[in-house]
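The values are calculated or read from the model by the stated rules, or taken from the named source; none is laboratory data. Computed from a prediction, not measured in an experiment: that's the story for all the values here. Quick reminder, even Gly has a Cβ in these numbers, built from the backbone with ideal geometry, and neighbours come from all protein chains shown. All accessible areas refer to the heavy atoms of the entire protein, side chains included, with ligands and DNA or RNA removed. Shrake-Rupley method; radii C 1.70, N 1.55, O 1.52, S 1.80 Å.
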Amino acid sequence: MKLQQLRYVCEVARNDLNLSKAAQVLFTSQPGVSKQILQLEDELGVKIFVRSGKRFVGVTEPGKQIIEISQRILLEARNLKEVTAEFHHETTGSFTIATTHTQARYALPPVVRRFMKAYPQVRLSLHQGSPTQIAEQVIGGQADLAIATEALDLYPQLTMLPCYEWNRCVVVPPDHDLAKMKKLTLEALATYPIITYDFAFTGRSTMNHAFEARGLTPDIVLTAIDADVIKTYVELGLGVGIIAHMAYDPKRDRGLRALDASHLFEPNTTRIGIRRHSYLRGYVYDFIEMFTPQLTRKVVETAVAGGTSEVAA
């Protein structure tokens, strides 16, 4: 049994049983992946994947457990390397954050600047994607941290650390009728075409629930994963925008006005997701504390090593 074989198994599972995609990620050939998995199955005496011809079409019951155990083994192997690197090179290495566009564009820049100044020899990478994609990157070992608002709580393999609460604003052209209201209402908002985030992103479920609770059906004419795209189409007059308040910059967004919507929608919490039982380098703990001062190394270590997936705010 080789670590490489376990890695092949996990990568095939992570790529929805697509051998071709898994082979591309692993920088090898599809027949090579298939051969190594077959050898592992022969050694273990069980089938991991259900086959239809040469295609993998499902995971067997023992295969599900084998994949889960393989993920843990690969995580511990990675932890061993991180321990060695920490001992020999405390201030050098690499660090990958998987996050959404809103976090990367509006919340992270000052923290990234501060971190890179403190650790100039650490190679920092930002991977952007949907909350589901970034959670799976952390689980699969492609990223050290996930930072998002939605979906992280759906993965028991992750420990969620609450960072901060935020709410929305409604963006409109300066002469829009909504800008003339003393206090914005959901009823008024629902009479206009709305441009907002795609359902998987940035607190969208909380927004939907607010309309549903009032018996309203918002006229959502356009969705995007990027607040800048939303603002662009609002400026074109295609609708009113609902975005995270942090995504409005009065200096840059001079063609728009932001209307407070904190009384219309429940606040959302942005969280950091970390694979449970991961070994984190010292500079990763420092980054987390720079981003959220209450998340000290002691707090994070206790949470990641503990048995719960959600840490109270």
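Residues of segment 247-266 being open to solvent by 10 Å² or more (accessible area, probe 1.4 Å), more than 19 Å from H101 (Cα to Cα) and out of contact with any Ser or Thr (no Cβ under 6 Å at 6 or more places or on another chain), which ones? Steps first, please.
Our first condition is that a residue be open to solvent by 10 Å² or more (accessible area, probe 1.4 Å); within segment 247-266, this holds for 248-255, 257-260, 262-264, 266.
From the residues that got through so far, the ones that are more than 19 Å from H101 (Cα to Cα) too are 250-251, 254-255, 257-260, 262-264, 266.
Within segment 247-266, P250, K251, R254, G255, R257, A258, L259, D260, S262, H263, L264 qualify.
From the list V234, V172, V221, V240, the lone residue that is touching a His at 6+ places or on another chain (Cβ under 8 Å) and modelled with pLDDT of 95 or more is V240. Screening segment 113-133 for residues that are open to solvent by less than 70 Å² (accessible area, probe 1.4 Å) and touching a residue at least 40 places away in the same chain (Cβ under 8 Å) and picking the one that is farthest from V12 (Cα to Cα) gives A118.
Considering every residue within segment 38-58, establish whether at least one is under 23 Å from the mean Cα position of the chain (by Cα) and surrounded by fewer than 17 Cβ atoms within 10 Å (Cβ to Cβ).
no
Against the list (1) open to solvent by 60 Å² or more (accessible area, probe 1.4 Å); (2) at pLDDT 95 or above; (3) assigned to a loop (DSSP other than H, G, I, E, B), the condition E187 fails is (3).
In summary, I97 fulfils each of the numbered conditions (1) closer than 20 Å to M207 by Cβ; (2) open to solvent by less than 60 Å² (accessible area, probe 1.4 Å); (3) assigned to a strand (DSSP E or B) with the single exception of condition (1).
Whether any residue in segment 154-169 is touching a residue at least 24 places away in the same chain (Cβ under 8 Å), on the phi > 0 side of the Ramachandran plot and crowded, with 16+ Cβ neighbours inside 10 Å is what I want to check. For segment 154-169, residues touching a residue at least 24 places away in the same chain (Cβ under 8 Å), on the phi > 0 side of the Ramachandran plot and crowded, with 16+ Cβ neighbours inside 10 Å: absent. Taking the criterion of being at pLDDT 90 or above, part of a loop (DSSP other than H, G, I, E, B) and more than 18 Å from M246 (Cα to Cα), the residues of segment 265-296 that qualify are P293, Q294, L295, T296.
Would you check if there is a residue in segment 224-246 being charged (D, E, K, R), assigned to a loop (DSSP other than H, G, I, E, B) and open to solvent by less than 50 Å² (accessible area, probe 1.4 Å)?
The initial filter retains those residues of segment 224-246 that are charged (D, E, K, R), namely 226, 228, 231, 235.
Those still in the list that are assigned to a loop (DSSP other than H, G, I, E, B) too: 226.
Among the residues that remain, those that are also open to solvent by less than 50 Å² (accessible area, probe 1.4 Å) are: 226.
Yes, because at least one residue in segment 224-246 is charged (D, E, K, R), assigned to a loop (DSSP other than H, G, I, E, B) and open to solvent by less than 50 Å² (accessible area, probe 1.4 Å).
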